[in-house]
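One structure is given here, and the rest of the page talks about it.
The values are calculated or read from the model by the stated rules, or taken from the named source; none is laboratory data. None of these values were measured; they are calculated from a predicted model. Ideal geometry is used to build each Cβ from the backbone, glycine not excepted, and the neighbour counts take in all protein chains shown.
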Amino acid sequence: MSAFYGIIGGLVAVIIPLAFGLALLPKRCDLPRSRYEEYSIGYLLGASIFTIALTAFYSLGFESTAFVRFAILAGAMVAWRHAFRRESVRVYEPLGFQSYQVWVLALLALGSIALTLSWPINQFDPMLHFAYKGKVLFFHGTPFGEALSSLQSGDGFGRMATHPNYPLGIPILEAFSGHFALSNWSDRWVQIPLAFWAACLPGAIAFGLRFLSKSAARWGALLTASVPMLYLRDGFSSDGLGGTAWGTPGLGNGVTLGAGADLPVAACFAAGMALLLRAGAARSLRLGAAAGFAFAGAAMMKNEGLALFGVVVVAVLISGVLFLPSPSLEKRGRQAIGLALLTGLLAISPWLHLRGQMPAIDENYSEQLTLENTLHFLGGGDELAELSPKVIAQQKTKEEVLAELPPRRAIVGKAFMSTFFDFATWGPMWVLMFAALGALAIRPRSLADPLRRVLAATVFGGVLLYALILLVTPWYLPLLLEKGIPERLLLHLVGPIVLLIGWWIASAKEVKAP
């Protein structure tokens, strides 16, 4: 019976966020979309809203009592009723996928869900960053207390939690999956709300590209679904299909699905970018607010989501969207984008309040990313050899390790270049992105559209941000590269990258048209 309750609880924890997301979307007659697009963007938006609301709840010092759980359930059911009864005629507008394309999308989506639920939560990050915190919220009802806030355990050794200042988005979804299962925690079935990230990403991309053309939306969805990194790092290498990633499920660094945070950040950030484009094009303040919630949802999943929202804010400002009139973006469209930024800032603020009360361990990049550190490593600063496992184990001296390594800037540059052309991990995505950027350089008039400028600036700014983060990281960089960084960081940019590629596809068809 415990497995049955776990499955039911996990499904309820999916239905409730989906209801919130669908309730926020405009009517289909005002915003055409297919059923797949609606449910994809609805779940990602709803998961964002749900985690934002619970984070705000915790920031006020409340605990998740039974009364609050049932109040949330009752409110979610009202949203569910509103979402499905507000239109007398529920008409969807399909994108016109060919039958083989539908099969490809369906197999990849269903496969990603099945893999997430079949692999146990065994990896370091999902266990010690998220599932542990989920159990704390589940059993104690609050993120405060020694379990998360203490740097050391009672005997003075070690620490109670890894990275206590990580956001609570995934732990909230896990904990409330258990709560809705009649207080039955299940290490397997709390993954149900986490199984839809890869399945929803293509639908979110199609939703964002539909206003350009159905063809761009179709190909954007297919390109997204075929990115191996959504499922496995190096998915088609010897360590991927048929290799160690399958032979030792959840024990290495090759699995992207499940309870890790990089894929949720990518999914929510992609939803935010898609909603931002549609908000500007449709001149919809409602979609603008939804975009802000999705961006905040990315910040609820992992600290990098907060940094990426900062990149979007800078991209909007430097592209002149809010201040420069444009024939393709009317005043109400600019207002919708401004509302997206404002909503995102307000939705993130409870987490910033909560985060300020939690200690930072190891990775306080707001302190690391200084001008002094950046100039030091850009000027040829050496790798932090004293943090090498071989130096710590006294197998080699610091000087011996340094003699084998180039300066850190060279390590970062080589890592990024090899990542851009790693087809086993990314397929053709990065190559197509460079082609899209090349098309912009050849035809600079293409940048006359402010929304396209925002996309290009977000992609460029995101890559630059992550290059700077790796440049000043307090960790031993070669060890991070072995764990799949920068691939796991660059995964967050899948949304804006494919949206930019889709825009290029739509523009190319316009140029060729008679």
### Task
State which residue is modelled with the lowest pLDDT when the search covers only the stretch 401-419 and only residues that are of a type in the set (A, V, I, L, M, F, W, C) and surrounded by 14 or more Cβ atoms within 10 Å (Cβ to Cβ).
VAL401
### Query
Quick one: how many residues across the stretch 307-323 are in contact (Cβ under 8 Å) with a residue 60 or more places away in the chain and under 12 Å from the mean Cα position of the chain (by Cα)?
2
### Query
Got at least one residue in the stretch 423-441 being touching a residue at least 12 places away in the same chain (Cβ under 8 Å), farther than 27 Å from PHE309 by Cβ and touching an Asp or Glu at 6+ places or on another chain (Cβ under 9 Å)?
yes
### Message
Here is a check on your reading of the model: is LEU257 at pLDDT below 90, within 26 Å of PHE20 (Cβ to Cβ) and not in a helix (DSSP H, G or I)?
### Response
yes
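Conditions (1) within 23 Å of ALA270 (Cβ to Cβ); (2) at pLDDT 75 or above; (3) surrounded by 23 or more Cβ atoms within 10 Å (Cβ to Cβ); (4) not aliphatic (A, V, I, L, M), marked per residue:
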residue: TYR166; (1), (2), (3), (4): yes, yes, yes, yes
residue: ALA175; (1), (2), (3), (4): no, yes, yes, no
residue: ALA199; (1), (2), (3), (4): yes, yes, yes, no
residue: PHE207; (1), (2), (3), (4): yes, yes, yes, yes
### Query
Looking at (1) over 28 Å from the mean Cα position of the chain (by Cα); (2) touching a residue at least 24 places away in the same chain (Cβ under 8 Å), which is the only condition ALA403 fails?
(2)
### Message
Of the conditions (1) under 24 Å from the mean Cα position of the chain (by Cα); (2) acidic (Asp, Glu); (3) surrounded by fewer than 17 Cβ atoms within 10 Å (Cβ to Cβ), ASP422 satisfies every one except a single condition; which number is it?
### Response
(3)
#### Entry: PRO450, sole failed condition from (1) farther than 30 Å from PHE377 by Cα; (2) under 21 Å from the mean Cα position of the chain (by Cα)
(2)
### Task
Please name all residue pairs, on different chains or six or more residues apart, with Cβ atoms under 7 Å, provided the first residue is in the stretch 7-24 and is closer than 14 Å to ALA290 by Cα and surrounded by fewer than 21 Cβ atoms within 10 Å (Cβ to Cβ) and the second residue is modelled with pLDDT under 85 and not β-branched (Val, Ile, Thr).
ALA23/ALA79; ALA23/HIS82; ALA23/ALA83
### Query
In the stretch 221-253, which residue that is small (Gly, Ala, Ser) and touching a Phe, Trp or Tyr at 6+ places or on another chain (Cβ under 9 Å) is modelled with the highest pLDDT?
ALA221
